[in-house]
Amino acid sequence: MIAETVCSAVSAAGLGIAAVTAYRRRFLAAARIAAYSLVPVGLVMTGIVGWLADTAFSPTAWAGFVVLGVAWALFATTRAVERRRGGTRAERKAAGAAGREAAVAPKASEPSLGPATRPAAPPATAPRAGGTADDFSDIEAILKKHGI
């Protein structure tokens, strides 16, 4: 009974805040506040609040939560151990047998790369042997442009 009263008071306060927000012409925020403030009343009307109150004060329900927690812990522990070992016993046994058969690759003595080939033509821009002032004209133009 007290839970219903508290939920109703919270909803009334939320609707009051929504009205003030709407008065300030912030209608989107007011609608959002009104939606949040109607949730507690909706929970009371559907009976969820009563169910939660009965569950919270029931030792049988808490024992059930403890059993669920133990089951989850066992499940998580076994999964972690299984991943660390690399699968189930049958999977490890099958992988071990396959690993022994393919220990050496059948074509291990062959080179992995094909025969070396030479490039067909030398690079298109080869540096000139007698460096002249024309070679540095582009560099000088850039330096003058930047004031160096």
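The values are calculated or read from the model by the stated rules, or taken from the named source; none is laboratory data. All values reported here derive from a predicted model rather than from experimental measurement. So basically every Cβ, Gly included, is an ideal-geometry build from the backbone, and we count neighbours across all protein chains shown. Accessible surface areas use protein heavy atoms only, side chains included; no ligands, DNA or RNA. Shrake-Rupley method; radii C 1.70, N 1.55, O 1.52, S 1.80 Å.
When you check Arg85 against the structure, is it open to solvent by 80 Å² or more (accessible area, probe 1.4 Å) and in contact with a helix residue (DSSP H, G or I) (Cβ under 8 Å, 6 or more places away or on another chain), yes or no?
In short, yes.
Can you work out which of the residues in segment 39-65 that are modelled with pLDDT under 90 and open to solvent by 90 Å² or more (accessible area, probe 1.4 Å) is nearest to the chain's Cα centre (by Cα)? Residue satisfying both the conditions and the ranking: Phe65. The residues of segment 5-25 that are crowded, with 16+ Cβ neighbours inside 10 Å, closer than 15 Å to Pro40 by Cα and among the polar types (S, T, N, Q) amount to a single one, Ser11. Residue count for segment 66-95, restricted to those that are modelled with pLDDT of 80 or more and among the hydroxyl-bearing types (Ser, Thr, Tyr): 2.
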